[in-house]
């Protein structure tokens, strides 16, 4: 069937008359003119295969016209009349010949295909990006070809890419023009494409983007001449895929396959064509949706008062100011993000909400991470949600917040309290409580913030990097000492001048990935020897003694640990120091000195034979949102000699032995049902400086230690025993005299 289709197309094309060319042209020029005429359908139907044949003829195996070689390579790579031959001898011969002629694009293609000689030759050539400009189109083509990856990730990099594409466009390279106006293509994927293009034109004219306007004019002219690439990027000008497929554009045949034509799919695959079916589906979906009705323009937010950087609480270092939106606007409005604090912000993850006139939430953006932000104190940054899904027509109000923030030098705070979809949140709930620290507490505070709405709450857990990295608990205590937060979560002993109030009991799970072993038991001494590299294979006699009747493989053990002295690492060390006394010897001062060759990354369990550890509450959260740890959970031998797996129930069994004299570290529970690596966690508060702060803290703690305790089992955590909780509530009440 495929062969028959090909023959029919060939017969139809072979009867056409060759295009008319200029009588004054040289033989080579006539060949190229005929090829371009076939390519564009001038004076007759399009015929990409004939165009590719003529380009290949003029290229002459890389010894002929270089521009013709480039055009043939482009046709082969995009399967327009020539099959995908990147790995074929024909392509290799041409690329090698071009590189030997010091054609930089040929060297690039050779290097990308793995030819070491081409890579070395390219390294000796001048920088094509520097040489790109009028009169040197080849350098522009090369500079565009080697953008792997494209210049994305920062404003400066985007400006550099725009500059390169503008110079390439003005040098006559159509790819540069099309790259510069790529935003026009995205308009074809949304209802109201013409209004989308009009908006872009208004923006380009407003900001005097002459380079974009010039590129759009060049693309329009190329499309008028019949260039399918140029027409593809212009809404409403795209050439029908059936026309292109009949002209032997195998990629267009693949598009027809994406739309359900099985024969075209096979035809495209037989020629090695690759096609982005998702783009075809997006275009079809946009065409099937009705255009959104016009919306009234929205004014900008009231102007922010002048501000200077000041020492502010951690979660109040940002302010957002929304730009005005134009009538018939279909995209999210832009926001200015102001850094009100004294620390440089390097990472920010924001979320924007849209509401109707009744205050109901009608849309929410996907979370966007802005990396390499470098937002200095006192400066602003404009965040555009361009490309987010189209707003419903009923959206008339907006709010924005953030989920994570990173400060220099490389301190990353993740806010455990989800952004609330409440436009007037700060006006209706003026009192805020900010906390930070222990990672095991984050899911409790997040759940409490949803259930207890009397206060505005934030709780951040932190990741630091470098040689001076601190655990989340240590960072929380440091922020508390600096006055940036009202409380710190920790599993360590509070300072003498602070108030430590227990709120929950958590547990640490030991995870492993060992094919063929679905249940693993470990004693404290065995676990200690594994992490000290005294035991290096899974069939060691000590592990076998813990697992009678289990066939253990002779596979090397890969013991992963946290990259720094994390809360989880501290709990593991605390437990082994007590339960494996006489065996565990790694404790050295405030941090551990791991054996040579230890793998530093918690939770990395894709490797067969790996072992690691993580908060059990984190596992429960991952499962609740549909994710799964690749590892299995090991059973650990407790003081009664029972091997117990971490669960909310086994953690609670350990918690029931808590008394009024709480000490940091793993609980020495005697209950046979208790999970042994269970530990208490405290909220540490500084003595409030004013009555309002004290009342807010006391109110929140009263909830956490009362009704809030019922939230814990579902989170993989355990409540305090009634007597301990009552004593903690009495302690919390003293914060509000």
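Bear in mind that the values in this text are calculations on the coordinates, not laboratory data. Because the structure is a prediction, the values reported are computed rather than measured. Counting neighbours? That spans all protein chains shown, and the Cβs are built from the backbone with ideal geometry, glycine included.
Which order do peptides 662-669, 674-681, 280-287, 722-729 fall in by mean Cβ count within 10 Å, highest first?
Values: 662-669: 18.6, 674-681: 25.9, 280-287: 14.5, 722-729: 16.4.
The densest-packed peptide leads the list: 674-681, 662-669, 722-729, 280-287.
Rounded, prolate or oblate: which fits the range 507-679 when a ≥ b ≥ c are the square roots of the eigenvalues of the alpha-carbon gyration tensor, with rounded for a/c under 1.5 and prolate only if a/b beats b/c?
rounded
How much length is gained on full extension from residue 224 to residue 242, taking 0.36 nm per residue of separation minus their Cα-Cα distance?
4.6 nm
Going by the alpha-carbon gyration tensor, a ≥ b ≥ c the square roots of its eigenvalues, is the range 311-352 rounded (a/c under 1.5) or, if a/c is not under 1.5, prolate (a/b greater than b/c) versus oblate?
prolate
Which order do the peptides 71-78, 27-34 take when ranked by the mean count of other beta-carbon atoms within 10 Å per residue, highest first? It would help to have the intermediate numbers written out before the result.
Details: 71-78: 21.5, 27-34: 16.2.
Packing order, densest peptide first, comes out as 71-78, 27-34.
So what is the relative contact order for the range 507-679, in percent, with contacts set as C-alpha pairs under 8 Å and at least six apart?
Here the relative contact order equals 31 percent.
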